[in-house]
Amino acid sequence: MATLFGFDHKMVAITTICLSAGVSIYTSYRLWKERQRQREKNLYETEKLVSEYLVLHYGKDAEILSYDFGLKESLHFPKRCAELCIKHFKERDGIPSRAFDIGCAVGCSSFELAKTFDAVIGLDYSQAFVDVCNRLRVYGCMQYNVQDEGDLQTLLIAGVDDEVDRSRTTFIKGDACSLPSDLGQFGCVLAANLICRLHSPMDFLERLPGLVASGGILVITSPYTWMEQFTDKSKWIGGYYDKKKRPVSGFQALQKKLGPDFDLIEEKNMPFFIRETAHKNQWTIAHATVWRRK
């Protein structure tokens, strides 16, 4: 029997064939799984798109638009969020005049909160957003371009209200699901359109009782657009059916989780409008809930 360096040629050949076959089978399996996943995804996308166009073409008025407010009421959403916080905040001993804007984006709500609170922290996961906030904090205004059509743009100026004491604000980068332990307590916490974009929203909710001082205010707004690209489906707190096939909404989840530590004092729909181009925009309805810490 022929050998090479002490190895049987036939055994080497058989082993090589088996390994190659195993790799081939595994590769084929992975390709099949990927095609299967893609087919399921495409089916979902197609069904979703068909449904959207069916209601566009044939939906009754109330099925298409169930709200009695329009686009004008959708403007200045960040300012309206701050005003909702200020409306319910009550200054009294033991409640710190500090506000925490979690998911502050480019900072308007934080600056508006600084009209009432002595200190405001704005936190966002995006370093680009935090950099803009700090630039506005220092200079009070900045130029930027908006897209009109294709490569066509218009130059605009973003400016902080002159009534704002910008020195009251601080902006930091951070993860809302893993907040620093040394933040202390606040008289107001705002989380605007945040929870359905977190990788672990329950971790965020569990931190809130320790952040809001007794008697303080918590304001959460969300359109409850749960998406797997942001949050693994196993971590959705709403937008699914439980084991008994009962629907679980985001609002129900908030009530269950926050109820032991907070009193719900107001809830309402708050529309907001995002400009994309001169002719394409987003109109979304966020559900706002206001809670007072027990």
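Counting beta carbons within 10 Å around each of R293, R197 and listing the fewest first gives the order R197, R293.
Please state the shape class of segment 73-293: rounded when a/c is under 1.5, otherwise prolate if a/b exceeds b/c and oblate if not, all from the C-alpha gyration tensor. Oblate is the answer for segment 73-293, as a/c is 1.5 or above yet b/c matches or exceeds a/b.
The relative contact order of segment 73-293 comes to 21 percent, based on Cα pairs under 8 Å that sit 6 or more residues apart.
For segment 91-173, the list of GluC sites (Glu not before Pro) that fall in a loop by DSSP and count at most 15 other C-beta atoms within 10 angstrom reads E91, E163.
Relative to one another, the C-alpha centroids of segment 72-146 and segment 214-281 are positioned 20 Å apart.
The separation of segment 153-189 from segment 49-68, counted between C-alpha centres, amounts to 38 Å. Counting only residues at least eight positions apart within a chain, or on another chain, the lysines with an alpha carbon under 21 Å from that of K235 are K41, K243, K244, K245, K256, K257.
Taken together, the values in this text are just the output of simple stated rules run on the coordinates, not laboratory data. Given the structure is predicted, the values throughout are model-derived calculations rather than measurements. In this analysis, Cβ positions are derived from the backbone assuming ideal geometry, glycine residues included, and neighbour counts consider all displayed protein chains.
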